[in-house]
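Asker: Here you go, one structure.
The values are calculated or read from the model by the stated rules, or taken from the named source; none is laboratory data. Values in this document were obtained by computation on a predicted structure and should not be read as measured data. Here the Cβ positions follow ideal geometry from the backbone for every residue, glycine too, while neighbour counts run over all protein chains shown. Only protein heavy atoms, including side chains, enter the accessible area calculation; ligands, DNA and RNA are left aside. Shrake-Rupley method; radii C 1.70, N 1.55, O 1.52, S 1.80 Å.
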Amino acid sequence: MDRRRFLAKLSVASALGLAGCSGGSGDTDTPGETDTTGPGPTATPTATPADPPMTTATRSPADEPTATPTDTATPTDTPTATPTPTPSGPVESDLPALRTDGKWIVDENGNEVVPRGVASVEPRWGMNYADQNGGDYWETLDHLTDESRAWYPGVVRVPCTIGSWEAVGGPRSYANEYLDRIVDHCAENGVYVMIDHHLVKEYESDETDQKMRRFWNEIAPRYADRSHVIYELYNEPTTPAYWDDDEQAWSAWKEVAQPWVDLVQDHAPDRPLVIGSPRWTSLPHMAPEDPFEGDNLIYAGHIYPANGTPEGFDDIYGQPANEVPVMITEFGWSETGEADVDQGTTSGWGEGFREWVDSYPNMGWQAWCFSGGWLPRLIDSEANVLGGDAFAGHTVKEWLYDKRNDRTPDALTTTGADYEEPSDDTAPPIPTNLSTYELSDDEFELSWSPAEDEETTTQFYRVYVDDSEQATATAEAFLMGGTPGESYELSVTAVDALSNESPRSERVTHKMGGELQVIAEIPEADSPPAIDGEVDDAWSDVSTHELENTVQGSVDSEDDLSVTWRGLWDDDAFYVLVEVTDDELVSDSDDQYNDDSVEVFIDADNSKGDEYDGTNDFQFSFPWDGDTIAGQHPQDVSDVEWAQTDTDSGYRIEVAFPWSVLTVSPSADHAMGLDIHVNDDDSGGARGGKLAWYGEEDVAWNTPSAFATIQLVE
């Protein structure tokens, strides 16, 4: 899914590898108002692409057409009678075997160990698409584990997908072709290896059970006596998710997965086993109260910027580490990532994430992913380390270097080259030859010539609209949505592997065909209103707009719920005054949409995309009792000024939205998308009704295309 400013979708495939994701926030209402079948706001699908060419790549490798399996292993409820032995002549590792002791992972002597490392790509994919990684799989594995390259991973996480092991004939053939060599390589290079059965799928079907048993009946005994091997049971169980009931989700998962845990541990009782959880491995907080049965169990968490900040996810991923071993087996970020998965920056998310992880001395981690094709990437397609504010690569590499002697076994490779910060600060060339081509009254294509960076590689482009940064692009062309009758002034910059940005290109102007359909005009204020919840003189001559559409539940009378709003603007802000008549005011729910509250939806550039663009599409939720602002905010909203006042008939909300927050420049004739909704809760619990100004269905929380068009006038 493409979460950009008013762009709808890419018009060409990017040779760099693009990201998408499965899942969204469901179709029931405000994000979080989900049923038990659809993905909710905490889902963080694995950032893994399908095989290129990736016109719209997904983060979960698609299972490929497979040859008829040749392995003889048959799914059973118990370990196979004669497990396949470890191949003859394995490379012995000097690394001590790991086990768990309380909340710690420890070695054979009880010394505390914190495994930190990096995920490789899936080996078969790495061999088939060497051009994505600056070399084939074996070359990238050498690169990652070569101390002269100064990465110093303590563990290499190796994702093993069903599609790949089936394509080569089954787990045994897969181990013969790839895993044996990987395990030996890591032993020889003083690195632990985590064999990750990289499923991203539902977990209750017979088909899933058969795949799990077939894989682990072969793989678990094969490396059972290899001291440097760690197993990861199931990368990301997805559904059943039971979004409103963590206990039910964990219980359902545990009932299904405990036999798999038993199977692996019967085969390999001395190998540490990492266990995920439903909702894309996002429930490790359930483990302390209801752990799996078994020894040497470690609980996984996957965290991406869509999970929010540590303050928001610490209870889920951090606090359990005070009681059980927790390992963050996936994390990463990229400015060009997907808004509902991995879109973030080093300064805005990565640095805070590192500080949070380091606050738990027993928490291990593996960054995703040492690839130029699987997203989010740590390297580019030529094996250059990505860095700067836009990418995680150098942050992860420096972090591994800094921690290489912190709770690591003596036999782990920690000496060699020093980490060197990147020295290239040369910006790539300015993009040239911008042009536009209109496809319809609401869509056009912007394209430009590639900017070739002679120092590293050009990684993406920033698209500027009317002097505001509005999009990132990993290709040289976009399909962009616009509003009929509107004009857009466009320019582009190039950004390289170290986040160096070129000056802006020459501008090109595109005027959309058709006519702008304005639903309301917003007058310019002679003087700004005082944001105090009162109706002062600034509002005296401003037209009111009535909310007349019931989009949820029922509204019995004007006293039950009736609403009007007014709007103003000046050079500093967009102002909204909402007056609510409501004879019963209630605030008793965790979610504001289930209580009395006002929702203001703004598409500041009127792009009207099918999805929130991650730049200037907003949902602001204001509770009647003056609590904090909720909703969907791609920008920091701390500068939004607002006030709430109770009235004889209900309450009033007054807000000033600074243009700096909305990321557009105001002027007469500027058009924006807008809708205003009000929730009504008369009796506690879930809301009883909801009114909307423009929308006839309650979909504004999910799609700005449902907003009205308003226009600023003098």
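Asker: Determine the share of the range 610-662's accessible area contributed by carbon and sulfur atoms, expressed in whole percent, with a 1.4 angstrom probe. Show your work: numbers first, answer last.
Answerer: Values: 760 of 2060 Å².
For the range 610-662, the apolar C and S fraction of the accessible surface comes to 37 percent.
Asker: Carbon and sulfur atoms: what percent of the 1.4 Å accessible area of the range 376-508 do they account for?
Answerer: Ligands and nucleic acids excluded, carbon and sulfur give 37 percent.
Asker: For the range 194-203, what does the Karplus curve 6.51 cos²θ - 1.76 cosθ + 1.60, with θ = phi - 60°, yield as ³J(HN,Hα) per residue in whole Hz, taken in order and with x for Gly and Pro?
Answerer: Working through the residues one at a time gives 10, 8, 9, 6, 8, 8, 10, 6, 4, 10 Hz.
Asker: Step through the residues of the range 118-123 one at a time and calculate ³J(HN,Hα) from phi using the Karplus curve (6.51 cos²θ - 1.76 cosθ + 1.60, θ = phi - 60°), rounding each to whole Hz and writing x for Gly and Pro.
Answerer: 9, 8, 8, 6, 5, x
Asker: For the range 269-420, just say rounded, prolate or oblate: build the C-alpha gyration tensor, square-root its eigenvalues into a ≥ b ≥ c, call rounded for a/c under 1.5, and beyond that prolate if a/b exceeds b/c, oblate if not.
Answerer: Here the range 269-420 falls in the oblate category.
Asker: Shifting gears a bit: At 7 Å along Cα-to-Cβ for each site, give me the label-to-label distance between GLU452 and ALA520 in nm.
Answerer: Going by the 7 Å Cα→Cβ label model, 5.3 nm.
Asker: Rounded, prolate or oblate, given the Cα gyration tensor of the range 530-593, with a/c below 1.5 counting as rounded?
Answerer: Numbers: a/c = 2.16, a/b = 1.71, b/c = 1.27.
Judged from the Cα gyration tensor, the range 530-593 comes out prolate (a/c at least 1.5, a/b above b/c).
Asker: Quick check on my link table: of LYS201/LYS397; LYS511/LYS608; LYS211/LYS254; LYS201/LYS608, which ones sit more than 22 Å apart, alpha carbon to alpha carbon? Write down the numbers at each step before the final one.
Answerer: Numbers: LYS201/LYS397 31 Å; LYS511/LYS608 16 Å; LYS211/LYS254 17 Å; LYS201/LYS608 32 Å.
In this structure, LYS201/LYS397; LYS201/LYS608 lie more than 22 Å apart at Cα.
Asker: Can I ask one more? Considering only protein heavy atoms, what per residue accessible area in square angstrom results for the chain with a 1.4 angstrom probe?
Answerer: 37 Å²
Asker: At 0.36 nm per residue, minus the direct Cα-Cα distance, what do THR509 and ASP142 gain on full extension? Give it in nm, one decimal, please.
Answerer: In short, 127.2 nm is gained.
Asker: In the range 547-587, what chymotrypsin sites (Phe, Trp or Tyr not before Pro) fall in a loop by DSSP, with at most 15 other Cβ atoms inside 10 Å?
Answerer: Details: sites: TRP565, TRP569, PHE574, TYR575; in loops: none.
Of the chymotrypsin sites (Phe, Trp or Tyr not before Pro), not one in the loops of the range 547-587 has a Cβ with at most 15 other Cβ atoms within 10 Å.
Asker: Using the beta-carbon distance between THR628 and SER251 and R0 = 22 Å, what value does 1/(1 + (r/R0)^6) give for FRET efficiency, to the nearest 0.05?
Answerer: Between THR628 and SER251 the formula returns 0.10.
Asker: On to the next question. Ignoring ligands, DNA and RNA, please state the percent of accessible area on the range 177-336 from carbon and sulfur, probe 1.4 Å.
Answerer: Working: 1780 of 4580 Å².
The C+S portion of the solvent-accessible surface of the range 177-336 is 39 percent.
Asker: With each run of n ≥ 4 DSSP H residues scored as -39500 (n - 2.57), what mean residue ellipticity at 222 nm is computed for the chain after dividing by its residue count and rounding to the nearest 500 deg cm²/dmol?
Answerer: Theoretical 222 nm ellipticity from helices: -4000 deg cm²/dmol.
Asker: Out of all DSSP beta bridges with both ends in the range 462-578, state the antiparallel percent to the nearest 5.
Answerer: Details: 20 of 21 bridges.
The answer is about 95 percent antiparallel.
Asker: Once the Cα gyration tensor of the chain is diagonalised, what are the square roots of 5 times its eigenvalues, in whole Å and ordered largest first, as equivalent ellipsoid semi-axes?
Answerer: They are 48, 30, 22 Å, listed from largest to smallest.
Asker: Continuing with this model, one more query. Give me the distance between the Cα centres of the range 258-320 and the range 536-557, rounded to whole Å.
Answerer: 49 Å
Asker: Give me the distance in nm between label points sitting 7 Å out from Cα along the Cα-to-Cβ direction at THR544 and SER665, one decimal.
Answerer: For THR544 paired with SER665, the spin-label model returns 3.7 nm.
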